[in-house]
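The values are calculated or read from the model by the stated rules, or taken from the named source; none is laboratory data. In this text the structure is predicted, and so the values were computed from the model without any measurement. Positions of Cβ are generated from backbone atoms using ideal geometry, with glycine treated the same way; all protein chains shown enter the neighbour counts.
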Amino acid sequence: MSTLELNHVYKVYPNGMKAVNDFSMKVKDKEFIVFVGPSGCGKSTTLRMIAGLEEITSGDIRIDGQIVNDVEPKERDIAMVFQNYALYPHMSVYDNIAFGLKLKHLPKEIIDKKVKEAAEILGLTDYLKRKPKAMSGGQRQRVALGRAIVREPKIFLLDEPLSNLDAKLRASMRSEISKLHNKLKTTFIYVTHDQVEAMTLGTRVVVMKDGFVQQIDTPRNLYRFPINKFVAGFIGTPQMNFFRGTLNREKDNVTIKLNVKGNSFIAPISLFRKVSPTYLDGNKEVVLGLRCEHISIDTNKYEWKTKAKVSHVEELGVETQIYADLNLDDETIIGNADTKIIIKAPTGTNYEAGTIIDVSLGLAHLKMFDAATEYSINPRLPLSMSTTCSIKKGKLSIYGSSISIPKALSYEDGDYVIEIPTSSIRKGGKITCNIVDKDILEDKIVYTLENNSNFLFLVGNVNETHEINDVIKIDVDLKTCTLKNDKNTYQALNLVNVLTASVIKNSLMVEHHDQKGKPFKRKEYYCTLKTSNHILQTNKDLGFNLLSLKEKKIFKDDIEIHFTPYDAFFTDKDDGIECEVKEILDFGDELFATCYVNGIKIFIKCDKNTKLGPNKFTINLENVAIYSIGKSLRLA
């Protein structure tokens, strides 16, 4: 087993520049993970932090469950292969591969066996007596890989190992590295700026930009379901075609109107099930994306047709790429990027520059993004959906059903727009829906539900047996919904409480025993959190994370503790945090206490025995998030 885990890892340099922001992921045993992104995105910095060559500012890194933040690189049981081979020019291939083993003073026969086994795997048996200068770049890189293989590490780290090679050699070495991973059955972490390498090698790919993780997914899912415009444009060659326009729903159809004269198309609402109605009113500008293989010069391939003016044609052997413009009146060389398109066509296709051609568009493959945030408005799992509803005499009319409003909620009668988080949809209730689609996401299944041409989503377990066209009954958890009209806004219950605290560094003398059993005492440090004059004892991992932070100002500056109402508990003990319970909110199936701590309002899940007035509570620190104030830095 060789697992790797990064939990809220940051790298902040002394000048305040954040190279890596809140990087979190779990790498399974034997996975091939690729970090990809443009220069300066933080991918190599992340790799160096895993290797121990770069100190982390905050967070923790675990190898096989053990925190290695302060473990020396040589003690982490990893092997790293660099871009520049790092071979000793005066040594033979054999000696280069054996060098690390000799430093460990292993027996000669074991060294010889390991070197020859690695050479056989890498096809270097006939080159063991050669010096690096007598070898090609690809062969030298294989020697560097061999030196890593003989160490039999838990994890291989490869930092752009192919970037110095020519295109032909890169392709063959990609294949060799993939075969090597399959043969060694070890965890690989690979860094590259080349999205082709990422897509062909990785079991999962981490796309990064400006120090932030954009998306972690399989190559197939990155290509088909990009989370934002950056991922959509970065993954895939040539880049996705992007256009600006609007979407306007009229009954069961949506009019797609591009910001280009004469480009308006009508498509069925089924293509826009996961798009929030707020984007379907014809007023909000969106960015639309279509890959070159979904634009065809065969006008019979897709039902949506348009015209384009050819700019130039590139013959690539196996295919032809046609560069064109949807703006037929544009005479400029550069033109507007929002009207330029690239079309994938059969080999031998040729047009003169300026030719007007007919093309068909595969709008069923259309990607849609918010023009401001650039995030997908058609995600695999929408976070929320909105619809209209009305309230009259304590009843909510929605999706053709009438729902009783919990006692805790007090709404004025009237018509509203309600924002419903997907997490608030649950099975059982009065609302009748048809299952029109389902999609498996890792260990979950997402059902697309339809009710009178309105769409909403239910998350279930993969072992559930519901099928498309089944009828299902659902309910809505109103405490997490937001209602708005021209007069009123009723916000959802705040499910994240925030309290200010300080970190206190403590020490105590702990008795240990040496190898001979003789006792001795050593000073050891631990952290506690102080909030509202109450001391919270941290668990081992949280205390370690806070002590290992390179930002020592946390012992002087206040921090924020973020926790949910489900992670706070009323207690009869004297050492609880003092609060004043002002109100008990009755949501039918759950009760929540509205509490004040030094003037700060928080919510705590409670039971019917909770009393108004002074109380004490404690917090489960296993699930809290801790942030520095004003630095946007998650500390734990």
Of the residues Gly588, Gly599, which single one is surrounded by fewer than 13 Cβ atoms within 10 Å (Cβ to Cβ) and out of contact with any Asp or Glu (no Cβ under 8 Å at 6 or more places or on another chain)?
Gly599
Under 7 Å by Cβ, and 6 or more places apart or on different chains, what pairs join a residue from the range 445-459 that is assigned to a strand (DSSP E or B) with one that is of a type in the set (Gly, Ala, Ser)?
Ile445/Gly460; Tyr447/Gly460; Asn451/Gly400
Would you please list the contacts, defined by Cβ atoms under 8 Å and residues six or more apart or on different chains, that run from a residue in the range 284-296 that is more than 12 Å from Leu363 (Cβ to Cβ) to a residue that is among the charged types (D, E, K, R) and buried (at least 20 other Cβ atoms within 10 Å of the Cβ)?
Val287/Lys229
Of the conditions (1) at pLDDT below 90; (2) closer than 26 Å to Val624 by Cβ; (3) not in a strand (DSSP E or B), Ala492 satisfies every one except a single condition; which number is it?
(1)
Among (1) touching a Cys at 6+ places or on another chain (Cβ under 8 Å); (2) closer than 22 Å to Leu271 by Cβ; (3) among the acidic types (Asp, Glu), which single condition is Asp439 missing?
(1)
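Residue-wise test of (1) without any contact (Cβ under 8 Å) to a residue 12 or more places away in the chain; (2) on the phi > 0 side of the Ramachandran plot; (3) not assigned by TED's automatic domain parsing to the domain that holds Ile216.
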{"residue": "Ser136", "(1), (2), (3)": "no, no, no"}
{"residue": "Val150", "(1), (2), (3)": "no, no, no"}
{"residue": "Glu160", "(1), (2), (3)": "no, yes, no"}
{"residue": "Ala171", "(1), (2), (3)": "yes, no, no"}
{"residue": "Ile189", "(1), (2), (3)": "no, no, no"}
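Report yes if Gln195 is surrounded by 19 or more Cβ atoms within 10 Å (Cβ to Cβ) and modelled with pLDDT under 95, otherwise no.
yes
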Which condition number does Ala593 fail, the rest of (1) of a type in the set (A, V, I, L, M, F, W, C); (2) surrounded by fewer than 17 Cβ atoms within 10 Å (Cβ to Cβ); (3) more than 19 Å from Gly59 (Cα to Cα) being met?
(2)
Given the options Arg170, Arg204, Arg151, Arg174, name the one that is at pLDDT below 90, touching a strand residue (DSSP E or B) at 6+ places or on another chain (Cβ under 6 Å) and surrounded by fewer than 24 Cβ atoms within 10 Å (Cβ to Cβ).
Arg151
From the list Ile626, Ile577, Ile561, Ile604, exactly one residue is β-branched (Val, Ile, Thr), surrounded by 18 or more Cβ atoms within 10 Å (Cβ to Cβ) and in contact with a helix residue (DSSP H, G or I) (Cβ under 6 Å, 6 or more places away or on another chain). Which is it?
Ile604
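To keep it simple, each residue is scored yes or no on (1) in the same structural domain as Thr278 (by TED's automatic domain parsing); (2) over 20 Å from Leu271 (Cβ atoms); (3) in contact (Cβ under 8 Å) with a residue 40 or more places away in the chain.
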position: Ser311; (1), (2), (3): yes, yes, yes
position: Thr320; (1), (2), (3): yes, yes, no
position: Asn350; (1), (2), (3): yes, yes, no
position: His365; (1), (2), (3): yes, no, yes
Among the residues of the range 358-383, write down those that are in a strand (DSSP E or B) and surrounded by 17 or more Cβ atoms within 10 Å (Cβ to Cβ).
Val359, Ser360, Leu361, Lys367, Met368, Phe369, Asp370, Ser376
Just one of the numbered conditions (1) within 28 Å of the chain's Cα centre (by Cα); (2) of a type in the set (D, E, K, R); (3) surrounded by 14 or more Cβ atoms within 10 Å (Cβ to Cβ) is not true of Arg249; which one?
(1)
Would you check which residues across the range 49-67 are buried (at least 16 other Cβ atoms within 10 Å of the Cβ) and either without any contact (Cβ under 8 Å) to a residue 24 or more places away in the chain or part of a strand (DSSP E or B) (or both) and list them?
Ser58, Gly59, Asp60, Ile61, Arg62, Ile63, Ile67
Residue by residue through the range 473-489, note down the ones that are under 12 Å from Ile425 (Cα atoms) and part of a strand (DSSP E or B).
Lys473, Ile474, Asp475, Val476
